[in-house]
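Engineer: Dropping the structure in here first, questions after.
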Amino acid sequence: MPKPIRKAVFPVAGLGTRFLPATKAVPKELLPVVDRPLIDYAVREAAEAGVTRVIFVTSGRDAALRRHYRPDTELEKTLESRGKVAERDRLAAIVPEGVQLEFADQPVPLGLGHAVRCAREHVGDEPFAVLLPDDLVQAEPGCLAQMFGRYRETGGNLLAAETIPPDRTDRYGILDVGAGGMVPGGLADVRGLVEKPPPAAAPSTLAVVGRYILQPEIFAALDGVAPGAGGEIQLTDAIAALIGRQPVSCFRFEGVRFDCGDRQGWLMANVAFALDRPDFDGIGDELRALLETAGRRNQIGGAE
Ligand code: G1P
């Protein structure tokens, strides 16, 4: 049985261009989904799976991220003096218990593969996880915990996957797993994968979701890949280079993924997570009513 994975890499050096001007001063990963920054969901998902070392790969624009994770005893005291104990406790628990945070620098934005390579010294010679916080997965247990469970059987490299509409292959890494689709909870051997192919060239409609378990040999593979799609060093290309040398499998997790790198996906995540919050009773009802009214209005508008 492979050793448990303790380290997770979070590439967070992106510019968030699709969300400008919202992301001019606030990094994309700190945009809220309901009342937590996007990044917190991924960090909690990793902690739930047993990760104890979180490695953020950041650019120079990481002051807000560091501030978010730094304890703020002044603010905690102020909340306490105002009787806001629950709020104080939520603040004090931003970093999950037993989790240590580290920062690795990505001096120039040369792509996801490059970002992962920048975490090499922090990861060392052991298997690790990569989480792309843009991909928010609503699942119980979390997506990474599900993957860790299956990794005990597969070992090697394991990628999360889901089927996407055929016209969206040029947004994702696309997998070749031979014939047949994948059911939730299913595993498959990966025969090939290609980054953001146009629909006509895509080997399937099975896309990589931003959760990976990787072996340390990925670093040597990353050293060997030339710039690929978009002129960037692609993680996809390095994983493809490992096929035949190590097991590479994919896993159709159980749950719903929201692509929060996209405005629509982010809005949908906010609605889905708000509706799923027991402490939002009442607000949830009002939100539901609003969605129904807006839906009806759009239908009427669309018919005109
Ligand atoms: C990255 C990966 C891609 C993967 C996607 C998942 O793309 O390169 O293979 O399918 O994340 O969200 P990006 O979103 O950085 O363009």
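None of the figures in this text is laboratory data; all of them are computed from the coordinates on show. As the structure is a computational prediction, the values presented were derived from the model and not from experiment. All Cβ positions, even for glycine, are placed from backbone atoms using ideal geometry, and neighbour counts span all protein chains on display.
Engineer: When ranked by the protection proxy of mean other Cβ atoms within 10 Å per residue, highest first, what sequence do the peptides 145-151, 185-191 form? Kindly include the intermediate steps, with their values, before the conclusion.
Structural biologist: On the way: 145-151: 19.1, 185-191: 16.0.
For the peptides 145-151, 185-191, the packing ranking is 145-151, 185-191.
Engineer: Given Pro2, Ala25, Gly50, which one lies farthest toward the positive end of the charge dipole of region 1-73, if we put +1 on the Cβ of every Lys and Arg and -1 on the Cβ of every Asp and Glu?
Structural biologist: The residue sitting farthest along the positive end of the dipole is Pro2.
Engineer: Per-residue counts of other Cβ atoms within 10 Å, averaged by peptide: what ranking do you get for 21-31, 246-256, 209-219, highest first?
Structural biologist: Details: 21-31: 17.0, 246-256: 19.5, 209-219: 22.3.
Ranked from most to least packed, the peptides come out as 209-219, 246-256, 21-31.
Engineer: While we're on this one: Non-local amide H neighbours of Val248 (under 5 Å, H modeled in plane, Pro and chain starts lacking H): which ones?
Structural biologist: The answer is Asn157, Val190.
Engineer: What residues have an amide H closer than 5 Å to that of Gln106, excluding those fewer than 5 places away on the same chain, when H is modeled at 1.01 Å from N in the peptide plane?
Structural biologist: It is Thr58, Ser59, by chain and number.
Engineer: I would also like to ask the following. To the nearest 20 debye, what is the magnitude of the charge dipole of the chain about its Cα centre, counting +1 on the Cβ of each Lys and Arg and -1 on the Cβ of each Asp and Glu? List each step's numbers first, then the result.
Structural biologist: Numbers: 35 positive and 42 negative charges, 59 e Å.
I would put it at about 280 debye.
Engineer: Between region 154-199 and region 215-281, how many Å separate their Cα centres?
Structural biologist: Here the answer is 11 Å between Cα centres.
Engineer: Going by amide H atoms built from the backbone, whose H comes under 5 Å of the H on Val177, apart from near neighbours?
Structural biologist: Arg191
Engineer: Next question, about the same structure. Whole Å is fine, so just give me how far the alpha carbon centre of region 79-129 lies from that of region 41-66.
Structural biologist: 3
Engineer: Using a Gaussian network model on the chain with a 10 Å cutoff between Cα atoms, which of Leu131, Leu193, Leu91 fluctuates the most?
Structural biologist: Leu91
Engineer: Given the rule -39500 (n - 2.57) for each run of at least 4 DSSP H residues, summed and divided by the residues of the chain, what is its mean residue ellipticity at 222 nm, to the nearest 500 deg cm²/dmol? Write out the running numbers ahead of the final one.
Structural biologist: On the way: 11 runs with 107 residues, N = 304.
That comes out to -10000 deg cm²/dmol.
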